[in-house]
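The values are calculated or read from the model by the stated rules, or taken from the named source; none is laboratory data. As the structure is a prediction and not an experimental result, all values here were calculated from the model. Neighbour counts run over all protein chains shown; Cβ positions are idealised from the backbone, glycine included. Ligands, DNA and RNA are excluded from the accessible area calculation, which covers all protein heavy atoms including side chains. Shrake-Rupley method; radii C 1.70, N 1.55, O 1.52, S 1.80 Å.
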Amino acid sequence: MRGARSGKKRLWRWRDNPLRRHDDIVEAWIVLAVWAFIAVGGTIAGVVTALAADQVFAQQRAERRPVQAVLLTDVAESTGTGGVADDRRMATVRWTAPDGSSRTGLTRVDAGTSVVAWEDGRGRLVAEPPSATAAGVEAGVLGAAAVAALAGAALGAGAVARWRLDERRMALWGREWDLVGPRWGHRTG
């Protein structure tokens, strides 16, 4: 019984009512359109973003390869002062490129004398590609962020449209009050 009453209360703009205004119908359509856009557009945006990100990460894993490198500078040990523990530091390394030439560059490394660096097909140092699991998680997070961004934009646009309708209703109400108010004869205050 209680659910039926609340359902009627939520759908009051759709019911035939002598007090229902044209703006109420427009507002109902705006609300329906916003939620439909969020449901359909959000799903599409999230899936497309997640798939595109996963494809980029897979391409990075395919193109990048690890190479043995030698540290040319000393790497200070981590002091463990708190926060997220990341023992990797920036250091200059030397490695052999695919064409056989010796190259040097700056990359993040662990402490030690021999390190693994990552290079792309052109022999440039790049960041280590994410693992398949990390790439899946990051693709999911990016997809969720796309859904949230689209939902925020749609809700904002819907709120602006409803605000404009409220302004219009208040202006109409003010004009009607100016016509009816003087007929009441006496004023208080």
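Rundown of residues vs (1) of a type in the set (A, V, I, L, M); (2) modelled with pLDDT under 80; (3) part of a strand (DSSP E or B), yes/no style:
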residue	(1), (2), (3)
TRP95	no, no, yes
ASP99	no, yes, no
LEU106	yes, no, yes
ALA117	yes, no, yes
GLY123	no, yes, no
PRO129	no, no, no
THR133	no, no, no
GLY136	no, no, no
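What are the residues in the range 121-151 that are more than 30 Å from VAL40 (Cα to Cα) and loosely packed, with under 14 Cβ neighbours inside 10 Å, if any?
GLY121, ARG122, ARG124, ALA127, SER131
Would you point out the residue of the range 34-49, among those that are touching a residue at least 60 places away in the same chain (Cβ under 8 Å) and not β-branched (Val, Ile, Thr), that is nearest to ALA151 (Cα to Cα)?
The selected residue is GLY42.
Evaluate the following for ILE25: is it touching a Lys or Arg at 6+ places or on another chain (Cβ under 7 Å), more than 19 Å from GLU128 (Cα to Cα), modelled with pLDDT of 80 or more and open to solvent by less than 90 Å² (accessible area, probe 1.4 Å)?
Against the criterion (touching a Lys or Arg at 6+ places or on another chain (Cβ under 7 Å), more than 19 Å from GLU128 (Cα to Cα), modelled with pLDDT of 80 or more and open to solvent by less than 90 Å² (accessible area, probe 1.4 Å)), ILE25 qualifies.
Quick one: GLY156 ticks every box in (1) closer than 30 Å to THR92 by Cβ; (2) open to solvent by less than 60 Å² (accessible area, probe 1.4 Å); (3) not aliphatic (A, V, I, L, M) bar one, so which box is it?
Status for GLY156: all satisfied but (1).
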